[in-house]
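Since the structure comes first, as structure tokens, the remarks are kept for the end.
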Amino acid sequence: MNQYPDPGPGEPWHQPDGHTPGWGLPPEQHHGGAIEPYGAPTGGYQPMGQQPPPGSEVPLGTIGEIAFSQNTVITPIGRFPIRGTVWTVNDMSRTERTTPAWAVVVAILVFWWTCLLGLLFLLVKEQKTTGHVQVSVQGHDKHYTTSILVTHPAVVGQIHQQVNYARNLA
């Protein structure tokens, strides 16, 4: 005696024609291992190491939205030769050294128990850099300016090094 009722011929697990029951077999599984070209139906990725198209140059550096190669400056307004360009850097950043709020609170709280020893917390300083660096490139009847946000003083030095490298190519 079976506890389940007799399934009818229309049930998916009882197919008379011999086909796979239900929705069918699952799609073929992707096992990986091969690099698929960008834009493949599986949403692949662009493999590393592809050669640039003929006639284009590989960028040697980027400064904000400005890229430069051995012979070309590439900006959103177009490309132009790097020879004869003039590069300008305006540092509009500011670095402040202040005593953080937590050090003031700790100095006040500790001062009452340790007398003048708590005032040593007021010697704690915090460095904060704000602003931006403006980089301009001008040449061959074109001019483009970009602003780069600065959060650390070392970023300003890095931008100056990149502009000096571009100036050497010009």
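The values are calculated or read from the model by the stated rules, or taken from the named source; none is laboratory data. Since the model is a prediction, treat every value here as computed from it, not as a measurement. Note that we place each Cβ from the backbone using ideal geometry, even for glycine, and neighbour counts take in every protein chain shown. Accessible surface is based on the protein model in full, side chains and every heavy atom, while ligands, DNA and RNA are left aside. Shrake-Rupley method; radii C 1.70, N 1.55, O 1.52, S 1.80 Å.
Among the residues of the range 77-112, which ones are open to solvent by 90 Å² or more (accessible area, probe 1.4 Å), of a type outside the set (Phe, Trp, Tyr) and over 32 Å from the mean Cα position of the chain (by Cα)? Answer for the range 77-112, where residues must be open to solvent by 90 Å² or more (accessible area, probe 1.4 Å), of a type outside the set (Phe, Trp, Tyr) and over 32 Å from the mean Cα position of the chain (by Cα): 108, 109. Taking the numbered list (1) within 20 Å of residue 78 (Cβ to Cβ); (2) in contact (Cβ under 8 Å) with a residue 12 or more places away in the chain; (3) open to solvent by less than 100 Å² (accessible area, probe 1.4 Å) in turn, residue 145 passes all entries but (2).
The set of residues from the range 132-170 being in contact with an Asp or Glu (Cβ under 8 Å, 6 or more places away or on another chain) and acidic (Asp, Glu) is empty. Only one entry of 158, 138, 127, 162 meets the criterion of being within 18 Å of residue 65 (Cβ to Cβ) and free of Cβ contacts under 8 Å to residues at least 40 places away in the same chain, and that entry is 158.
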